[in-house]
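This report refers to the structure that appears directly beneath it.
The values are calculated or read from the model by the stated rules, or taken from the named source; none is laboratory data. Because the structure is predicted, anything quoted here is derived from the model rather than measured. Glycine gets a Cβ as well: all are built from the backbone with ideal geometry, and neighbour counts include every protein chain shown.
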């Protein structure tokens with residue numbers, strides 16, 4: 001179900017022997033796209049965390065996925081991460097988050113390539129897009145049972161969002177080329193791991209085919 005370095009362990013690793021990745025997650029009936037922290041702090045080279053070409057490529061791929069999905073009626077929610085002051089921050093070990101990542105700073109702005117492409121945007125303060133936010137309310141009102149998780153960084157806030165989405169009972173799909181990180185190996189290792197446990201990981205092209213089938217079937221059923 002994935003192209004991330006054989007995450008299922010089909011090559012005979014210990015995870016496969018222990019029955020990890022034995023089942024696929026699969027799509028439900030109503031999907032939404034979640035866009036995690038594709039803000040200038042992570043996509044603009046003027047910021048120390050914004051210089052990853054891998055993240056930049058993931059923004060482009062996510063824009064294409066949204067352009068395909070929105071005409072089908074797929075809702076899109078996005079977030080940025082930021083704070084009022086150090087007083088309401090967790091004890092982050094990342095130095096850059098203590099500079100220019102406070103309310104009103106330009107670093108919290110959505111990357112221009114995604115501007116105007118989402119239905120709901122908010123600022124979060126923790127790694128997960130679900131933690132302490134109104135995201136569940138938005139998804140529940142849309143009748144969503146499947147979340148397509150995109151964003152940055154794969155090993156940080158994207159992974160935290162994947163775990164929380166799974167914990168809330170959603171079917172979790174990760175378009176691998178729509179997520180980015182500071183290092184490619186961190187991206188691959190984390191997607192390989194979550195694909196064993198919490199999510200189906202696949203290229204965005206495969207996600208588009210699945211959405212077209214899903215929403216085409218719904219349209220035909222209503223005809």
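Which ones in segment 143-186 are surrounded by 20 or more Cβ atoms within 10 Å (Cβ to Cβ) and in a loop (DSSP other than H, G, I, E, B)?
144, 153, 170, 181 - these are the residues of segment 143-186 that are surrounded by 20 or more Cβ atoms within 10 Å (Cβ to Cβ) and in a loop (DSSP other than H, G, I, E, B).
Return the residues of segment 114-124 that are over 23 Å from residue 54 (Cβ atoms) and out of contact with any strand residue (DSSP E or B) (no Cβ under 6 Å at 6 or more places or on another chain); say none if nothing qualifies.
116
Residue 128 - would you say it is touching a helix residue (DSSP H, G or I) at 6+ places or on another chain (Cβ under 6 Å), part of a loop (DSSP other than H, G, I, E, B) and modelled with pLDDT of 95 or more? Write out each step before concluding.
Values: touching a helix residue (DSSP H, G or I) at 6+ places or on another chain (Cβ under 6 Å): yes; part of a loop (DSSP other than H, G, I, E, B): yes; modelled with pLDDT of 95 or more: yes.
Yes: the conditions hold for residue 128.
Regarding residue 140, is this residue over 11 Å from the mean Cα position of the chain (by Cα), part of a helix (DSSP H, G or I) and at pLDDT below 95? Quick ask: steps written out before the conclusion?
Values: over 11 Å from the mean Cα position of the chain (by Cα): yes; part of a helix (DSSP H, G or I): yes; at pLDDT below 95: no.
Judged against the criteria, residue 140 is not a match.
Taking the conditions exactly as written (closer than 25 Å to residue 210 by Cβ, free of Cβ contacts under 8 Å to residues at least 40 places away in the same chain, under 19 Å from the mean Cα position of the chain (by Cα) and buried (at least 16 other Cβ atoms within 10 Å of the Cβ)), does residue 128 satisfy them or not?
Numbers: closer than 25 Å to residue 210 by Cβ: yes; free of Cβ contacts under 8 Å to residues at least 40 places away in the same chain: yes; under 19 Å from the mean Cα position of the chain (by Cα): yes; buried (at least 16 other Cβ atoms within 10 Å of the Cβ): yes.
For residue 128, the condition - closer than 25 Å to residue 210 by Cβ, free of Cβ contacts under 8 Å to residues at least 40 places away in the same chain, under 19 Å from the mean Cα position of the chain (by Cα) and buried (at least 16 other Cβ atoms within 10 Å of the Cβ) - is met.
Just one of (1) in contact (Cβ under 8 Å) with a residue 12 or more places away in the chain; (2) on the phi < 0 side of the Ramachandran plot; (3) part of a loop (DSSP other than H, G, I, E, B) trips up residue 93, so point out which.
Here residue 93 meets the rest and fails (1).
Collect the residues in segment 203-223 that are part of a helix (DSSP H, G or I), over 13 Å from residue 31 (Cα atoms) and at pLDDT 90 or above, keeping them in residue-number order.
Across segment 203-223, the qualifying residues are 204, 205, 206, 209.
Looking at 155, 167, which is the one that is more than 14 Å from residue 75 (Cβ to Cβ) and touching a helix residue (DSSP H, G or I) at 6+ places or on another chain (Cβ under 6 Å)? Show your work before the answer.
Numbers: 167 fails: touching a helix residue (DSSP H, G or I) at 6+ places or on another chain (Cβ under 6 Å).
Residue meeting the stated conditions: 155.
Being in a helix (DSSP H, G or I) and either touching a residue at least 12 places away in the same chain (Cβ under 8 Å) or under 16 Å from the mean Cα position of the chain (by Cα) (or both) is the filter; apply it to segment 70-89 and report the residue that is surrounded by the fewest Cβ atoms within 10 Å (Cβ to Cβ).
The first filter runs over segment 70-89 and keeps only residues in a helix (DSSP H, G or I), leaving 70-72, 86-88.
From what's left, either touching a residue at least 12 places away in the same chain (Cβ under 8 Å) or under 16 Å from the mean Cα position of the chain (by Cα) (or both): 70, 72, 86, 88.
Values: 70: 15, 72: 15, 86: 11, 88: 9.
Step by step, filter segment 70-89, then rank; the result is 88.
So which residues in segment 9-21 are farther than 29 Å from residue 77 by Cβ and either at pLDDT below 60 or part of a loop (DSSP other than H, G, I, E, B) (or both), if there are any at all? Working first, answer last.
First pass over segment 9-21, keeping only residues farther than 29 Å from residue 77 by Cβ: 9-20.
Hits for segment 9-21 are 9, 10, 11, 12, 13, 18, 19, 20.
Being out of contact with any helix residue (DSSP H, G or I) (no Cβ under 8 Å at 6 or more places or on another chain) and assigned to a helix (DSSP H, G or I) narrows it down to one of 60, 67, 24, so name that one. Steps first, please.
Numbers: 60 fails: out of contact with any helix residue (DSSP H, G or I) (no Cβ under 8 Å at 6 or more places or on another chain); 24 fails: assigned to a helix (DSSP H, G or I).
Every option except 67 fails the conditions.
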